[in-house]
Amino acid sequence: MPGGIQGPPESSQPGGFERLKAALGVSDGISEGDSVRLTPQGVGPLDGVVDYLRPNFVGIRTADGLYRFFGRNAFGAPIGVTLHLFGNGVDAEHRSKRGSPG
């Protein structure tokens, strides 16, 4: 998805990325290699593995994609998300217009 998705302006505030990580289920106690289940609204569950975890970055690998979350709020910008989907039948143009992985 070229350019990715930008979070709402409120996500640029201190604590924005910590709130996102908690919503993703990757808050304190989660480590690289741990399994997670994301339940984004309107998409259905996504089962994956935390494949990269830093204070301002979370990477989750699923069977057919990579989900990348950037804590750009660390320098005053909204949180960013990029999706790299590898499944058959992925309509990149449709997904980029919707701004969601569903």
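The values are calculated or read from the model by the stated rules, or taken from the named source; none is laboratory data. Remember, predicted model here, so these are calculated numbers, not experimental data. Ideal geometry is used to build each Cβ from the backbone, glycine not excepted, and the neighbour counts take in all protein chains shown. We work out accessible area using only protein heavy atoms, side chains counted, and drop any ligands, DNA or RNA first. Shrake-Rupley method; radii C 1.70, N 1.55, O 1.52, S 1.80 Å.
Evaluated on the range 1-90, the Kirkwood hydrodynamic radius is 13.4 Å, with distances taken between all distinct Cα atoms. Remark on ASP34: its backbone amide H falls under 5 Å from those of VAL50, a criterion applied only to residues 5 or more positions apart or on other chains, H modelled at 1.01 Å from N. A DSSP coil position with no more than 15 other Cβ atoms inside 10 Å describes the following chymotrypsin sites (Phe, Trp or Tyr not before Pro) in the range 1-87: PHE86. Solvent-accessible surface of the range 1-86, averaged per residue with a 1.4 angstrom probe and all protein chains in place: 57 square angstrom.
Straightening the chain between SER31 and HIS84 buys 16.9 nm, computed as 0.36 nm per residue apart minus the Cα-Cα spacing. Using label points projected 7 Å from each Cα along Cα→Cβ, tell me how many nm separate GLN13 and ASP51, to one decimal. Here the answer is 3.4 nm between the modelled labels.
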